[in-house]
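Asks: Dropping a structure here in structure tokens format, bear with me for questions.
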């Protein structure tokens, strides 16, 4: 069961990843000429590209925790295959939007990849429009992901500013309890709770209960089934 | 072997003992007794008037002849049988007993000594028709025995007071015995001694020649010895006829001619005619004997040598005829050429096939009868063989007179003279058209099967091959579209576009290469041996299955021995072998962890005229019963395999004169080895 402290720890891990100003496309393909050609095509659409000859190379270079904007990945490669890399990244909690390209994809393979969160699964030879659209989608998802991550980060920062007591009050508020009930739960008077509640609203920078519930949900505080010590 | 009834069983070597009938023995013993007695009578009739000396004394010679012909274990029979004859003759002649005994001892001793000394050196058939036998006979029977025995006998004669003068008796006895032995024994040996190996059937002309010889001898003998004027030069009148006898007839006939001459000389001389009649009877006898011996001896050697030569010539002629028959009867075409490759002697079969006669084939003329594709190579090979004085071996097709072609296998060896120069060349050509056609049919069938198997393999590889082709197509498309975008964005920036176009060209070539490799393997080519670069072949195959290797997560390692790169072989079929072996290796390593799947293709070392190629996997290896089974057709461990790969690979390698075998590695996995012929020529 995750509690708020654990969430705070997670936040630290995410916040250390600084996204570059321009979104980058990472390309992994074992075939040098295909790699070069695809890189050119991606560059022609105005994206920054970094290429890798194998999944292992990508893993090794990105081991410092830097996040990819999106990944264009060949399925069939010697050593670690594209789908293997996808799994590996998930395990490492380094999910990136992935566009797969493959010479001979089959349906089970593509279904598996899509289920695991791939943006698209394109057959080789790949049309420029298809690839670039997929990259755009992936980047958009990356932007969305990043926005979400940023917001989460922001919320977590605000949560961090709360005192333990204020956190307790917030959890109960989100659960939908009235001030009176909260005071009863916490063994204090309604007036004190009112003060805490105002502090929470202020620190969380919300002006309505509905907004507070939305933020709380983002950091994993369920509106109903939450259990309080 | 002669089977004539006249041939004495004794004439044969004791070792080859025949079943002998006692009756036959008795006959021969009686014959010798009669001969001895008759000989004595003849000897007495050949005495010069007023003298005890005979010109010829045959009994001892007849006894010696009998001993020479009989096996030594029967000699005593003859000696015992002849002794009474001797005594009777001598008694009749009024010789005193001591004289009889000493003469008996002398004659027997001489015959025994001569027989022993001759028989010691000559075993088996005894004929005086070779130089060696004759010289043994002359030394043993004509010189040694008379000289030695006469020394003792003369002493005995003098001791028994039968004769008085030692040296006179000695000389008379030696000469008389020598002459008798020379003239009488050869005819006897000729008749009883087991004739020459070949039974002769004399023609009519031979008899005419013999008649002329006898007539000539009588005429010449009478002239030589019968002339009153005693012209010494005429002495040699019989010589041409004696020479004729020596050269044209056997030694026996010569001896008979000599006997005739001696008799004529005796007749004339005892009548007081001729050059020898001028002296006393004793002197006449001695000088006549001496004259006859000195004339006869060389003639006998001449006769022996000429008969020996005749014999050799016959043998040579026979052997030549035999070889000629052999050559004519054999299917081979035999030919001959001189050291310069000219002066061809062509066998009739070649002429029959090609229509070339010896002049046409001479020098390098034979080359024009060859198939145009074989002409230059064959002439070159022949030149090389002549230059190196080494065996010439070649196969070519010839155009026959009816326009069809036949395959010939030709071999020729130089006959080297003692000085190292080539004396001549002897060659043989065999028509191998039929074998060739069978071999070609087998080859065609194998080619077809190999082709089917290749198509099958390519079918199995189709997915990987499509991927292999897809890669450059992907690169080309993306490059082209990138270029379009670059140009749209900035039509003046051409640097990137130039690089792109170069990449497109390269990738297009790469796609072309993939297609070429596939087409090469799918092509239905004829088996064609040509010099090849082993490394190129290996790389081609490795490229072809690169995608399949990736799919199987296999790493292929190539180790090429730079010293053994040029090989002889059929490119497509050698690639097929490698392809099969590599795909098998992939299959064998399916059970291994992904990062341990490695195939090593190693070439070398070269051994003799072959280079070994090893394809080594790290799979689970082969079970002991699989080591042989895997080469059987239709044996497979794959789910959808034909089971022909290894069987075909082996037959391909064997068609290259190489070998293909499997072996388990010491650690893990198995290695398939095969050998292919190295290309030695440096072009």
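Asks: For residue A:217, project a label point 7 Å along Cα to C-beta. Then give me every residue of the range A:130-164 with its amide nitrogen under 17 Å of that point.
Replies: Hits in the range A:130-164 for residue A:217 at 17 Å: A:148-149, A:151-153, A:155-156.
Asks: What nm value, rounded to one decimal, do you get for the distance between residue B:27 and residue A:207 when each label is placed 7 Å out toward the C-beta?
Replies: For the pair residue B:27/residue A:207, the computed spacing is 16.5 nm.
Asks: Return one number: the angle in degrees, 0 to 90 and rounded to the nearest 10, between the long axis of the Cα atoms of helix B:145-159 and the longest principal axis of the Cα atoms of chain B.
Replies: Computed tilt is about 20 degrees.
Asks: Could you tell me how many degrees, from 0 to 90 and to the nearest 10, lie between the Cα long axis of helix B:239-248 and the main elongation axis, the longest principal axis, of the Cα atoms of chain B?
Replies: 40
Asks: How far apart, in nm, are two points set 7 Å out from the Cα along the Cα-to-Cβ line at residue A:185 and at residue B:654?
Replies: According to this spin-label approximation, the distance is 9.0 nm.
Asks: Separate question: Would you please give the FRET efficiency between residue B:409 and residue B:357, computed as 1/(1 + (r/R0)^6) with r the Cβ-Cβ distance and R0 = 22 Å, to the nearest 0.05?
Replies: It comes out at approximately 0.45.
Asks: Let's test the formula: R0 of 60 Å, r as the Cβ-Cβ distance of residue B:463 and residue A:157. What FRET efficiency results, to the nearest 0.05?
Replies: Details: r = 53 Å, r/R0 = 0.89.
The formula returns an efficiency of 0.70 here.
Asks: Dividing the alpha-carbon radius of gyration of the range B:264-336 by 2.2 N^0.38 Å (N being the number of residues), what value is obtained?
Replies: Details: Rg = 25.4 Å, N = 73, 2.2 N^0.38 = 11.2 Å.
Computed over Cα atoms of the range B:264-336, the ratio equals 2.26.
Asks: Suppose R0 equals 30 Å. What FRET efficiency, 1/(1 + (r/R0)^6) with r the Cβ-Cβ distance, do residue B:205 and residue B:311 give to the nearest 0.05? Numbers along the way, then the final one.
Replies: Values: r = 20 Å, r/R0 = 0.68.
E between residue B:205 and residue B:311, to the nearest 0.05, is 0.90.
Asks: Average the reciprocal distances over every distinct pair of alpha-carbons in chain B, invert the result, and give the Kirkwood radius in Å. Present the calculation step by step, with values, prior to reporting the outcome.
Replies: Working: mean 1/r = 0.0287 Å⁻¹.
Computed over chain B, the radius equals 34.9 Å.
Asks: A follow-up question, please. Calculate how many DSSP beta bridges within the protein assembly as shown are antiparallel, expressed in % of all such bridges and rounded to the nearest 5. Mind dumping the intermediate values first?
Replies: Values: 49 of 71 bridges.
The antiparallel proportion sits near 70 percent.
Asks: Please rank A:121, B:527, fewest neighbouring Cβ atoms within 10 Å first, as an exposure proxy.
Replies: Values: A:121 21, B:527 17.
In increasing order of surrounding Cβ atoms, one gets B:527, A:121.
Asks: Let me ask something additional. What are the extents of the Cα atoms of the range B:336-439 along their three principal axes, listed from largest to smallest and rounded to whole Å?
Replies: Each principal axis gives a Cα extent; for the range B:336-439 these are 44, 30, 21 Å.
Asks: For the range B:273-398, treating each Cα as an identical point scatterer without solvent, what Debye log10 I(q)/I(0) comes out at q = 0.14, 0.15, 0.22 1/Å?
Replies: -0.79, -0.86, -1.26
Asks: If each Cα of the range B:448-504 is one equal point scatterer, what is log10 of I(q)/I(0) from the Debye formula at q = 0.18 Å⁻¹?
Replies: The computed values of log10 I(q)/I(0) come out as -0.66.
Asks: Roughly what would the spin-label model give for residue B:342 and residue B:325, points 7 Å off Cα along C-beta, in nm?
Replies: 3.7
Asks: So, one more: Determine, for B:381, A:73, the number of other Cβ atoms within 10 Å of each Cβ, and report the residues in order from fewest to most.
Replies: Working: B:381 16, A:73 27.
Fewest-to-most Cβ neighbours within 10 Å comes out as B:381, A:73.
Asks: Please compute, for the alpha-carbon atoms of the range B:523-636, the extent along each of the three principal axes and give them in descending order in Å.
Replies: 39, 32, 30
Asks: Evaluate 2.2 N^0.38 Å with N set to the residue count of the range B:476-572, then give the Cα radius of gyration divided by it.
Replies: Working: Rg = 19.3 Å, N = 97, 2.2 N^0.38 = 12.5 Å.
Normalised Rg, Cα atoms only: 1.54.
Asks: So, one more: If the viscosity is 1.567 mPa s and the temperature 4 °C, what translational diffusion coefficient in µm²/s does Stokes-Einstein give for the range B:43-138 when Rh comes from Kirkwood over Cα pairs? Can you show the working numbers first?
Replies: Details: Rh = 14.8 Å.
Approximately 88 µm²/s, per Stokes-Einstein.
Asks: Continuing with this model, one more query. May I ask for the Kirkwood hydrodynamic radius of the protein assembly as shown, worked out over all distinct Cα pairs and given in angstroms to one decimal? Don't jump to the answer; show the numbers that get you there.
Replies: Values: mean 1/r = 0.0244 Å⁻¹.
Taking the inverse mean of 1/r over all distinct Cα pairs, the protein assembly as shown comes out at 40.9 Å.
Asks: Based on the alpha-carbon gyration tensor of the range A:94-229, what equivalent-ellipsoid semi-axes (square roots of 5 times the eigenvalues) come out, in whole Å, largest first? Display every interim value, and only then the final one.
Replies: Numbers: eigenvalues 438, 45, 19 Å².
Semi-axes, largest first: 47, 15, 10 Å.
Asks: Return the average number of partner chain Cβ atoms within 10 angstrom of each residue Cβ along peptide A:25-35. If you can, show how the numbers build up before the last one.
Replies: Details: counts 0, 0, 0, 0, 3, 2, 10, 2, 12, 10, 2.
Per residue, the average neighbour count from other chains is 4.
Asks: Ok, one more. Binning at 5 Å from 0, report for the range A:76-119 what percent of all alpha-carbon pair distances ends up in each bin.
Replies: Once binned at 5 Å, the Cα pair distances of the range A:76-119 give 5, 22, 34, 25, 11, 2.
Asks: Here is a follow-up. What residues of the range B:166-182 lie in the reach of a label at residue B:290, counting those whose backbone N is under 16 Å from a point 7 Å from the Cα along Cα→Cβ?
Replies: B:167-179
Asks: Using only alpha carbon positions, build the gyration tensor of the range B:608-669, then give the equivalent ellipsoid semi-axes as the square roots of 5 times its eigenvalues, largest first, whole angstrom.
Replies: With the √(5λ) rule applied to the range B:608-669, the semi-axes are 20, 18, 9 Å.
Asks: Still on this model: Using alpha carbon coordinates only, what is the Rg to Rh ratio of the range A:49-159, with Rh defined as the Kirkwood radius? Display every interim value, and only then the final one.
Replies: On the way: Rg = 14.7 Å, Rh = 14.7 Å.
Rg/Rh: 1.00.
Asks: Which order results if B:624, A:54, B:257, B:150 are arranged by neighbouring Cβ count within 10 Å, fewest first?
Replies: Details: B:624 8, A:54 17, B:257 27, B:150 23.
Neighbour counts put them in this order, fewest first: B:624, A:54, B:150, B:257.
Asks: May I ask you to derive the relative contact order of the range B:331-403, considering only C-alpha pairs under 8 Å and at least 6 residues apart, and to give it as an integer percent? Don't skip to the answer; put the middle values down first.
Replies: Working: 79 pairs, mean separation 19.7, N = 73.
With pairs under 8 Å counted, the relative contact order is 27 percent.
Asks: Once the Cα atoms of helix B:58-69 and of chain B are each reduced to a long axis, what angle between those two axes, in degrees from 0 to 90 to the nearest 10, is obtained?
Replies: Rounded to the nearest ten degrees, it is 30.
Throughout, read-outs are computed from the coordinates displayed, never taken from laboratory work. Predicted model only: the values in this text are computed from it and were never measured. Cβ atoms come from the backbone with ideal geometry, glycine included; neighbour counts cover every protein chain shown.
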